[in-house]
Amino acid sequence: MENPEIARVFHEIADLLEIKGGDLFRVRSYRNAALIIDGLEEPLRSLYGKNGVEGLKHIPGIGESTRSKVVEMLATGYCAYHDELLREIPAGMLDMIKVASLGPRKAAILHKVLGVSSIDGLERAAREGRIRDLPGFGEVSERKILKGIEALRLISGKWKISTALRCGEAFRDYLKAVPGIFEIVLSGSLRRWKEEVGDLDILATCKDPEAVMDRFLTHPEIKDVLAKGKTKSTVALKSGLQVDLRALDKKSFGAALQYFTGSKAHNVAIRDRAKRMGLKVSEYGVFNSATGKRVAGSKEEDVYKAVGLPWIPPELREMKGEIEAALEGRLPEPLLPEEIRGDLHVHTDESDGGSTLDAMAEAAISMGYEYIAVTDHSKAVGIAHGLDEARILAQMAYVDEFNKHLKKKGERFRVLKGSEVDIRGDGTLDHSEKVLGALDCVVAAVHSGFGMKKGEMTARIIKAVQTGLVNILAHPTGRLLGERGPYEVDMEAVMDEAKKHNVALELNSCPERLDLNDIHLRLAKDKGVKIAISTDAHSINHLQNIVYGIHAARRGWIEKKDVINTLPLKGLMRFLKKG
Ligand code: DGT
Ligand code: CA
Ligand code: CA
């Protein structure tokens, strides 16, 4: 580690201690050490290298305790004390205290009283008016917090894909009104369906590019115009999200789309390849380097064709082997929405859902599905009004009646009897073996004890998998984007066990989760572990979130054959058979 990183660790220790309400003298000594190291001319590494610990002794403001941590970081690259504090205090709180007007003391209160531990959580609490009534806060401070968050997002900030997509679609509709507009496409990381995006990149082709710019720059949500040109402008919206718009000529649309879709690394590789072939690729087209003659540009497919490649789906353009796979004809077949035949993780108003079982089924039927599994929470998840044995048995009887009724009507659709059974702290399941055995689809998940050590968490989940009573492991890492990181778990070990016991891993399509992520999905595919793409819907509208799951699956190179809910009902029931 170099000076700036070491200083950052000390800063964070000071912040964490302050949030914890620790001794102010210690807070100050860490903060001081950070400042001193930040201003140090010579790298600590070389001071230590020359004279060992002696070399560090003359630095004023670095005492015994901070010195030993410097030595530890130089030697091992990390600081155990810092890690220990981070296990106690959610890392998201370090972001929270960056919100102007919210110091560590107030952040600690919000965490303690409202359970808020991230910027997103803070924003939600403020918007819902839950902060104003706390002692020491009030309506003014609530407003200040929202302003502070907005300002912070202008500098940093990643946006949930669902937020970015909604905003992008609104812009698309807004720009449609321009006379002579030809195409409006959302590119950048959004077109690659990255789970979080930095900004929006919109491309538009029009007879009159200036007319597009004029309308764009008068959008009512714009707070600041950051750059303004005839064909390219950048704005910051009131929400803090930035939007880039490029207005283009039709003939370079394909090349621009390829360029602005990225990723940067993928583009660099495409350009290098082109260069070796005597071509030059830019956002304006593909040109012969020697003659300058344009060889492609209006269609994206033609850009790839010009460099000897088939078109590569945007979700794969992350430099994770897609160019080699394209050359060798082994790109994954993109999973299609119509290949999904049902949803295997949905809630009803029997637990914490907002819609009835009938309404969920009806909505699923109208989506063209063949089945859903109703998977309400089990009793351990008290805040979700989880079902005890009597209530789940009653629900199962209701589902039988419901299905009989469907059959009578000649409907092919079926509701599967399911549960999102809680994996308790000790790895046991929160329903009896009898109930679990009688269900069609058992979805198991962790809902508590997220701070467990890796070994313990792995053993806990594996124990549940080994019961032979589980069909699907839901949201396997427990992350909530922008709110809570994944819990620590040896995912490879879990996958190996899941494979052995015929348990599928969920790709939870909820945009706050998208769990498993692309890296884990590829690992699952390599291991031959099946995937269930589910929405975890808590109301009929959430069923539409499946689209995020489908694109996330593509990012993980998952194909139809890897996904259990692409199976027709009969085949699915064969997979779900227990024992
Ligand atoms: P983001 O916004 O951080 O989520 O990620 P992107 O991929 O949307 O990145 P952004 O908005 O900075 O740029 C959009 C695309 O434009 C990017 O994916 C590739 C292309 N691009 C931008 N800058 C460069 C560059 O310096 N070199 C190359 N080859 N491509 C670039
Ligand atoms: Ca972008
Ligand atoms: Ca951009």
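The values are calculated or read from the model by the stated rules, or taken from the named source; none is laboratory data. Small disclaimer: the values here were computed from a predicted structure and weren't measured. Quick reminder, even Gly has a Cβ in these numbers, built from the backbone with ideal geometry, and neighbours come from all protein chains shown.
Of the residues making up segment 483-516, those that are more than 21 Å from the chain's Cα centre (by Cα), of a type outside the set (A, V, I, L, M, F, W, C) and in a loop (DSSP other than H, G, I, E, B) are H501, N502. Residues in segment 334-366 that are closer than 22 Å to I564 by Cβ, of a type in the set (D, E, K, R), surrounded by 15 or more Cβ atoms within 10 Å (Cβ to Cβ) and in contact with a Gly (Cβ under 9 Å, 6 or more places away or on another chain): R341 only.
Only one of the numbered conditions (1) loosely packed, with under 12 Cβ neighbours inside 10 Å; (2) farther than 30 Å from V140 by Cα is violated by L24, and that is (2).
Select from segment 428-459 the residues that are under 19 Å from D376 (Cα atoms), surrounded by fewer than 20 Cβ atoms within 10 Å (Cβ to Cβ) and touching a residue at least 12 places away in the same chain (Cβ under 8 Å) and list them in ascending order. Result: T428, S432, E433, G437, A438, S448. None of V243, V235 is at pLDDT 95 or above, farther than 30 Å from G308 by Cα, more than 9 Å from ligand 1 (Cβ to nearest atom) and in contact with a Ser or Thr (Cβ under 8 Å, 6 or more places away or on another chain) except V243.
Among residues of segment 255-273 being more than 10 Å from ligand 1 (Cβ to nearest atom) and buried (at least 21 other Cβ atoms within 10 Å of the Cβ), the one that is nearest to R192 (Cα to Cα) is L257. The single condition among (1) surrounded by 14 or more Cβ atoms within 10 Å (Cβ to Cβ); (2) within 16 Å of ligand 1 (Cβ to nearest atom) that H219 does not satisfy is (2). When segment 228-245 is limited to residues that are touching an Asp or Glu at 6+ places or on another chain (Cβ under 9 Å), free of Cβ contacts under 8 Å to residues at least 24 places away in the same chain and away from ligand 3 (no atom under 11 Å from the Cβ), the one that is farthest from I546 (Cα to Cα) turns out to be K230.
Could you list, in sequence order, all residues of segment 82-97 that are surrounded by 17 or more Cβ atoms within 10 Å (Cβ to Cβ), within 22 Å of the chain's Cα centre (by Cα) and not in a helix (DSSP H, G or I)? The answer is I89, P90. Among helices (runs of 4 or more DSSP H) entirely within segment 250-332, having at least 3 residues that are in contact with a Lys or Arg (Cβ under 9 Å, 6 or more places away or on another chain) and not assigned by TED's automatic domain parsing to the domain that holds L521 singles out 253-261, 264-276. With respect to (1) away from ligand 3 (no atom under 16 Å from the Cβ); (2) of a type in the set (A, V, I, L, M, F, W, C); (3) within 22 Å of the chain's Cα centre (by Cα), the lone exception for I161 is condition (1). Only one of the listed residues (A364, A380, A373) is in a loop (DSSP other than H, G, I, E, B) and among the aliphatic types (A, V, I, L, M). That residue is A380. If you go through segment 93-110 one residue at a time, do you hit one that is hydrophobic (A, V, I, L, M, F, W, C) and within 30 Å of E315 (Cα to Cα)? Scanning segment 93-110 turns up no residue that is hydrophobic (A, V, I, L, M, F, W, C) and within 30 Å of E315 (Cα to Cα). Considering segment 180-215, and only residues there that are buried (at least 22 other Cβ atoms within 10 Å of the Cβ) and of a type in the set (D, E), the residue that is farthest from ligand 2 (Cβ to nearest atom) turns out to be E195.
Taking (1) out of contact with any strand residue (DSSP E or B) (no Cβ under 8 Å at 6 or more places or on another chain); (2) within 16 Å of ligand 2 (Cβ to nearest atom) in turn, T218 satisfies each apart from (2). Yes or no: V281 β-branched (V, I, T), away from ligand 1 (no atom under 13 Å from the Cβ) and more than 31 Å from the chain's Cα centre (by Cα)? Against the criterion (β-branched (V, I, T), away from ligand 1 (no atom under 13 Å from the Cβ) and more than 31 Å from the chain's Cα centre (by Cα)), V281 does not qualify. Among residues of segment 460-490 being within 23 Å of L416 (Cβ to Cβ) and touching a residue at least 60 places away in the same chain (Cβ under 8 Å), the one that is surrounded by the most Cβ atoms within 10 Å (Cβ to Cβ) is I472. Note on segment 558-579: residues that are among the charged types (D, E, K, R) and touching a helix residue (DSSP H, G or I) at 6+ places or on another chain (Cβ under 7 Å) amount to 3. Could you grab me the full set of residues in segment 179-202 that are away from ligand 3 (no atom under 11 Å from the Cβ) and either touching a residue at least 24 places away in the same chain (Cβ under 8 Å) or assigned by TED's automatic domain parsing to the domain that holds K299 (or both)? Those that are away from ligand 3 (no atom under 11 Å from the Cβ) and either touching a residue at least 24 places away in the same chain (Cβ under 8 Å) or assigned by TED's automatic domain parsing to the domain that holds K299 (or both): P179, G180, I181, F182, E183, V185, R191, R192, W193, K194, E195, E196. None of V9, V53, V71, V27 is touching a Phe, Trp or Tyr at 6+ places or on another chain (Cβ under 8 Å), of a type in the set (V, I, T) and on the phi < 0 side of the Ramachandran plot except V71. Per the listing I519, I546, the residue uniquely in contact (Cβ under 8 Å) with a residue 60 or more places away in the chain, in a helix (DSSP H, G or I) and not charged (D, E, K, R) is I546. Taken over segment 48-69, the residue count meeting the criterion of being assigned to a helix (DSSP H, G or I), within 20 Å of H11 (Cβ to Cβ) and not small (G, A, S) is 5. Across segment 367-385, the number of residues qualifying as at pLDDT 95 or above, closer than 11 Å to E420 by Cβ and either surrounded by fewer than 24 Cβ atoms within 10 Å (Cβ to Cβ) or among the aliphatic types (A, V, I, L, M) (or both) comes to 2.
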